[in-house]
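Quick notes on the structure that follows.
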2 protein chains.
Amino acid sequence: MGIAERKIREKEELKEQILKAAKRLFIERGFEKTSIRNIADEIEYSPGIIYHYFQDKNEIFHSLHQEGFQELRKRMEILGAVEDPMSRLKAMGKIYIQFALENTDMYDLMFIIEAPIDHVENRDDLCWIEGDSTFNLLRSTVHECMQKGHFEGHHLEPLSFLIWSTVHGMVSLKIRKRVNVLDVAAVDQIIENSYHSFLLILDRA
Amino acid sequence: MGIAERKIREKEELKEQILKAAKRLFIERGFEKTSIRNIADEIEYSPGIIYHYFQDKNEIFHSLHQEGFQELRKRMEILGAVEDPMSRLKAMGKIYIQFALENTDMYDLMFIIEAPIDHVENRDDLCWIEGDSTFNLLRSTVHECMQKGHFEGHHLEPLSFLIWSTVHGMVSLKIRKRVNVLDVAAVDQIIENSYHSFLLILDRA
DNA sequence: TGGATTATTAAACACTGTTCAATTACATTT
DNA sequence: AAATGTAATTGAACAGTGTTTAATAATCCA
């Protein structure tokens, strides 16, 4: 049944086209400003066709999640070379921040935007597995640090979440333009300087 | 010219009505799902009239910012009673988190949502002044802590931003439903436990 | 009362996500 | 090769969005 297989392959190809077009438009215009009709125009099909490949707009952008997590994880790979867990933890934060600031829209989609995450109710969803594996990297690193005597009196889960929250807080305040309450001059450097403070804190924690 | 004044007063009244209706709907439906027509229905006027009182939808919801900051500052007032700056700082974080979790939509508007902050280009805007005065409270408390010998080796501005980022990170990850990557059982308690870890860290920082 | 000003409306514009009946394309069977 | 049945694709429609504007209603002042 080579024909049926080709059919499936072609169907997958169009799905891939939609995803690629969606990503292209999304990266340069953001979530809200990328409409179904925009995507349809881009792939030169009618808008209706998109609903034969995706349930709704959210499902399209939710599919892009995965790519974001893959990219983030790829960047984390070099951490394998870092023996000392404490140094690894510190490098991890730096990579996370860098990823967020260099891929603001992707980060937005992954960790800030409401819509696409909303009707992912079951925890078995691929996006949670992806996210979980990324968080696991943090968790296990923190765990190693604790085994080496760091973070005395802390508990693994809350501390890991706290660390995540700190870096997320910094980048999301910048991405969503709330850093402007600070002195204008300091805005550009603030995250780098704050992260430096954070490293100091981690050493003493 | 009592008549002119009454006119102005009446004009203010309708503006107030719009704002009140907008807030009512916003609190129970969120930003996206509150439309101009919804607000118009609520005050029993035609949709067009709203544009005689506000430039656009963003300006309406931007006006609600202020109320949020007022409420937040009101909650912060009891901190005046706390002598020790370190205790005050800790209590401050707790109040901030509580405010965010009890007024999620308002917090969303103040610190997460993109739209209404977007075309507030000039830093003289009331919203920045409001926000700045709130941040000043944090900054000055951190400053007092430093004068009492805490946070050695840190700098005021980056450290203050770091602390803000940490609490913002925790609540915004919860508000935008990204805590689900954690063990399901831990979700409810995670912020409280993490904040406890944060207090420990502050003592050692 | 007449004229100018202002407040308010209804209708329209250009969008949005989504659905669905109708159409086209195509592989399989006769 | 023609007919059939299935799947892909379309175009139009629905109900909604923010926003603009010409026309209307209301009000104040001379």
Expected integer from the mean partner chain Cβ neighbour count at 10 Å over A:25-31 is 0
Counting other chain Cβ atoms within 10 Å of each Cβ in A:150-162 and taking the mean gives 6
Chains A and B: accessible area buried, summed over both chains, 1.4 Å probe, nearest 100 Å², reads 4800 Å²
Chain B to chain A by rotation: the residue of B with the beta carbon nearest the axis and the rounded distance in Å are B:Gly169, 1
Per-residue average of other protein chain Cβ atoms inside 10 Å, peptide A:183-194 -> 3
Everything considered on the Cα gyration tensor (a ≥ b ≥ c; rounded for a/c under 1.5, else prolate if a/b is larger than b/c, else oblate), the stretch A:74-205 must be described as oblate
Any DSSP H helix in chain A with Cα axial reach of 18 Å or more and mean Kyte-Doolittle score of at least 0.5? Listed by number, the hits are A:156-175
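Can you compute the helix-only [θ] at 222 nm over the protein assembly as shown? Use -39500 (n - 2.57) per DSSP H run of at least 4 residues, normalise by all residues, nearest 500 deg cm²/dmol.
-22500 deg cm²/dmol
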The alpha-carbon pair-distance distribution computed for the protein assembly as shown, with 10 angstrom bins and whole-percent values, is 4, 19, 28, 24, 15, 7, 2, 0, 0
XL table A:Lys94/A:Lys148; B:Lys20/B:Lys74; A:Lys94/B:Lys74; B:Lys148/B:Lys177; B:Lys23/B:Lys174; Cα-Cα > 27 Å flagged, in table order, is A:Lys94/B:Lys74; B:Lys148/B:Lys177
Quick tally, 1.4 Å probe accessible area for A:Lys94, A:Lys15, B:Lys20, sorted with the most first, runs B:Lys20, A:Lys94, A:Lys15
For the protein assembly as shown, the charge dipole (Cβ of Lys, Arg +1; Cβ of Asp, Glu -1; about the Cα centre) points to a positive end, and the Cα of B:Tyr107, A:Asn58, B:His62 closest to that extreme belongs to B:Tyr107
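The values are calculated or read from the model by the stated rules, or taken from the named source; none is laboratory data. None of the values given here were measured: they were computed from a predicted structure. Ideal geometry is used to build each Cβ from the backbone, glycine not excepted, and the neighbour counts take in all protein chains shown. We work out accessible area using only protein heavy atoms, side chains counted, and drop any ligands, DNA or RNA first. Shrake-Rupley method; radii C 1.70, N 1.55, O 1.52, S 1.80 Å.
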